[in-house]
Amino acid sequence: MSRKIAKPSSVVLCLLFLAYCSSGEKASTPTSGSAFIYTSSAVEGLASALGRTFEGYYPAARIDFSSLRTRAAVESLLFGTPQEIFLDRPLVPAESLAAAQNGIPIYEYPVATLPLYFAVHPENSVQAIDSVALRKFLTGAWESWSEIGGPNIPCHPYLPLPGEGGWEACMNYFGLLDTVIAVVCTTQTDLLKKAEADPGALAVLALPIKQTSLRKLWWRTGSIEIPPNIKTIVEEPRYPFMLTITYITNRQKKDVAAGFLTFIVSNSGQKVVANAGYRPATIPVRIIEMF
């Protein structure tokens, strides 16, 4: 929030004006100025698409992004200088508590949702997986795909880093596993590259990937099998692995970052979200006036 100074003297006004002119910088508005935002690697592409579209509408605005590990991005918001982050998940309770203990206000805005997909090599005959099989593969209790009717080859789970949205979605469902036997990958690009070359791969996908040789598995719960289709999954309450793409800030100002947030949750921004393969936020809202 901007601070109002009551009845400043003309001398003070002149000094403020000279300081403003000497800086050579114009005050940021919702449609002009620059903002810097850290993103999770999994949503870097979505953030970039939203940023470039916003800049197309408002040429005087510039939104720059830098990809970080999700935990590092959160730490930057709590203990560093950035004031906005764009993540593949909301804050976890421990992070919200750390913010409260440090007196940092936190505002979270859901932007989109995305199912967490499980995928295998195209030569793997397995078509579906359930929570029992997934847990046993992740913990190493089962080592071969033959346990669920697949080929007699080792199962190699590929997971995002701890703290990423994909990891948190799995841990939220199973609770804190004592042991996780998996190839942990720094980015989704790295995960895809390794999994596509491994006939025994069980890849945890946290992106709406359109071009990959991997084949997505159906999710089995009891006698019901849910196809790996975003429309079906979002409408199916039995699917437990969902990512909530979230914009998080520690301030409320009418600057270009606020304008970008308003665009993201507007109908125009949500069209970009949908075109990128995500499910738009449930209720788009208008945050500030765009002038």
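The values are calculated or read from the model by the stated rules, or taken from the named source; none is laboratory data. Treat the numbers as computed from the prediction; the structure is a model and nothing was measured. Glycine gets a Cβ as well: all are built from the backbone with ideal geometry, and neighbour counts include every protein chain shown.
Tabulated values for the structure
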read-out	value
Breaking point among (1) at pLDDT 90 or above; (2) buried (at least 21 other Cβ atoms within 10 Å of the Cβ); (3) within 27 Å of residue 69 (Cα to Cα), for residue 219	(3)
Segment 88-122 - residue that is among the β-branched types (Val, Ile, Thr) and more than 23 Å from residue 230 (Cα to Cα) and, of those, surrounded by the fewest Cβ atoms within 10 Å (Cβ to Cβ)	104
Residue in segment 163-183 that is surrounded by the most Cβ atoms within 10 Å (Cβ to Cβ), counting only those that are touching a strand residue (DSSP E or B) at 6+ places or on another chain (Cβ under 8 Å) and more than 19 Å from residue 245 (Cβ to Cβ)	182
So residue 95, is it more than 16 Å from residue 172 (Cα to Cα) and touching a residue at least 12 places away in the same chain (Cβ under 8 Å)	no
Tally, over segment 233-258, of residues that are part of a strand (DSSP E or B) and more than 19 Å from residue 131 (Cα to Cα)	6
Complete set of residues in segment 202-232 that are of a type in the set (D, E, K, R) and assigned to a helix (DSSP H, G or I)	231
